[in-house]
Amino acid sequence: MIRLTVPSIGKEEIRAVEEVLSSGYLVQGSHVAAFEEAAARYVGVQYAVAVSSGTAALHLALLSLGVGPGDIVLVTAYSFVATANVIELCGARPIFVDIRPDTFNMAPDSLKATLKRLSKTNDISRVKAILPVHTFGQVADMPNICKLAEQYRLPIIEDAACALGATFQGQQAGTWGVMGCFSFHPRKAITTGEGGMIVTNDPQLNRRLRAMRNHGQDPQADSPDFILPGFNYRMTEFQGALGLCQLSKLNEIISARRQIAARYDLLLKGTDVEVPIVQSGHQHVYQSYVILLSNRKASQRDEIIKQMTASGIESSIGTYHIPLTTFFSRRYGFKQGDFRIAEKIFARSLSLPIYHGLSFDDQTVVHEVFLLSLRA
Ligand SMILES: *Cc1c(COP(=O)(O)O)cnc(C)c1O
């Protein structure tokens, strides 16, 4: 089976984890701190706070801004459900924004229209944050989203779960808003099994996030004191050691993924599928390589995935049209046609295997099987 993705775990990672396990210090100590420091340096921010998952990172980021019951957060309609779930988990309400058809990222035009619509009601005062996603590893249209955020004085939290190392005009994903959230789930470029990171330049948020991930314990107090009711969202020491090791390979991993993506682009030229569009000035990190089937073939997408599986190739949908998942459609009454671009992209998208260790020959096989399944 050629998998959709395989983490790049080598001898160094195994040795690093082994060392920590033998040391007897297993939770949030010097290895987590070293991973945080390296991540902050890589991204180019003051603070990085390691947590137990990307979802935990997003949850804490919202809570640290005081998002709670009655509040509204503007969020992209096309993402993994965790992006919207965390808003619900704060007791707040997500208001979804449609996406751009080329990059699958939040559409500034739709964001603008949504803000305008909310401005005509009292609801605008309940909006507490904007939550764009750097979909599949390409930075969202941040200059325009930031402009709107400034205009309405709203903080931005970036869901950069897929985008560690992605840049636009040299600026890293995760550094555009007040906080950026990363994931180290095995489907991402580098992994700690489960794990996440929040980056920020704000010392107050840094302090609050550190307290919130650790039962509310004040990170600055000399003797243990608790300043708020916190969670246990800590990262383990062996994950910290693993993450540090993985981070040192990130650039190599990204360049391998970019090479694989470039070859898919070439191989798929002249077919009726659309390859990922990388906008000028962008450094895409290809957490996923997502193509669009033609409108005509879209109805056969699930069949194509099944056929590829039968031939030993794992493939998948892109990501989710969140408003049309059962929970959100029931809760808010969303129906087909509400988010037209997200709906189209959701139906047409197909994710092909991409990872550091994917061999040239395996990629050739993926391509051949895909074309056969497409034409079947
Ligand atoms: C993976 C992912 C998450 C969740 O991260 P976990 O570490 O799995 O909790 C959130 N948002 C997006 C866009 C993701 O791809």
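Derivation of every value follows stated rules applied to the coordinates shown; laboratory data play no part. Quick caveat, the model's predicted, so the values are computed rather than measured. Neighbour counts are summed over all protein chains in view; Cβ atoms, including those assigned to glycine, are modelled from backbone coordinates with ideal geometry.
Brief remarks follow.
- Distance between modelled label sites at Glu37 and Asp109, nm, 7 Å Cα→Cβ extension: 4.9 nm
- Neighbour-count order for Lys344, Lys188, Lys116, fewest beta carbons within 10 angstrom listed first: Lys116, Lys344, Lys188
- Between Val81 and Arg153, the contour length at 0.36 nm per residue exceeds the Cα-Cα span by 23.3 nm.
- Lys120/Ala310 FRET efficiency (R0 35 Å; Cβ-Cβ; nearest 0.05): 0.10
- Report summary: the helix-based calculation at 222 nm, which adds -39500 (n - 2.57) for every DSSP H run with n ≥ 4 and divides by the residues of the chain, gives -12500 deg cm²/dmol.
- For the peptides 3-10, 350-357, residues were scored by their other Cβ atoms within 10 Å and the scores averaged per peptide; the highest-first order is 350-357, 3-10.
- Cross-link partners of Lys249 among aspartates and glutamates, defined as those whose alpha carbon lies under 20 angstrom from its own and excluding same-chain residues fewer than eight positions apart: Glu12, Glu13, Glu18, Glu19, Glu36, Glu37, Glu194, Glu237.
- Stretching Thr364 away from Leu228 to a fully extended chain increases their span by 43.5 nm, per 0.36 nm per residue minus the current alpha-carbon distance.
- Residues Ser359, Ser110, sorted so that the one with the fewest Cβ neighbours within 10 Å comes first: Ser359, Ser110
- Alpha-carbon centroids, region 184-241 and region 75-111: separation in whole Å: 25 Å
- Across every direction, the projection of the convex hull enclosing the Cα atoms of region 184-236 has a mean area of 4.4 nm².
- In the chain, the convex hull through the Cα atoms has an average projected area of 19.0 nm², a quarter of its surface area.
- Working from the Cα coordinates of region 201-327, the gyration tensor eigenvalues give, after taking √(5λ), semi-axes of 42, 20, 16 Å in decreasing order.
- Max mean-square fluctuation residue, GNM over the chain, Cα-Cα springs under 10 Å, options Ile198, Ile14, Ile304: Ile14
- Computed from Cα atoms alone, the Kirkwood hydrodynamic radius reported for region 27-129 is 15.5 Å.
- Inter-centroid distance (Cα atoms) of region 273-325 relative to region 242-261, Å: 22 Å
- Pairs beyond 32 Å (Cα-Cα), from Lys128/Lys344; Lys116/Lys335; Lys11/Lys306; Lys147/Lys297: Lys11/Lys306; Lys147/Lys297
- Zone of Gln204's modelled label, taken as backbone nitrogen in region 50-79 under 14 Å from a point 7 Å along Cα→Cβ: 64-67
- The distance linking region 6-44 with region 344-376 is 33 Å (Cα centroid to Cα centroid, whole angstrom).
- Here's how it looks for Asn214: its modeled amide H is under 5 Å from those of Phe231, Tyr233, which are all 5 or more places away or on a different chain.
- For region 11-64, alpha-carbon Rg over 2.2 N^0.38 Å: 1.32
- Computed label-point distance, nm, for sites Asn251 and Glu19 using a 7 Å Cα→Cβ extension: 2.2 nm
- Per-residue Cβ neighbour rank within 10 angstrom, fewest leading, Met197, Met308, Met1: Met1, Met308, Met197
- Under 20 Å from the Cα of Lys269 - aspartates and glutamates, other chains or at least 8 residues apart: Asp102, Asp361, Asp362, Glu368
- Ranked packing of 127-134, 276-283, 250-257, most packed first, by mean Cβ within 10 Å: 127-134, 250-257, 276-283
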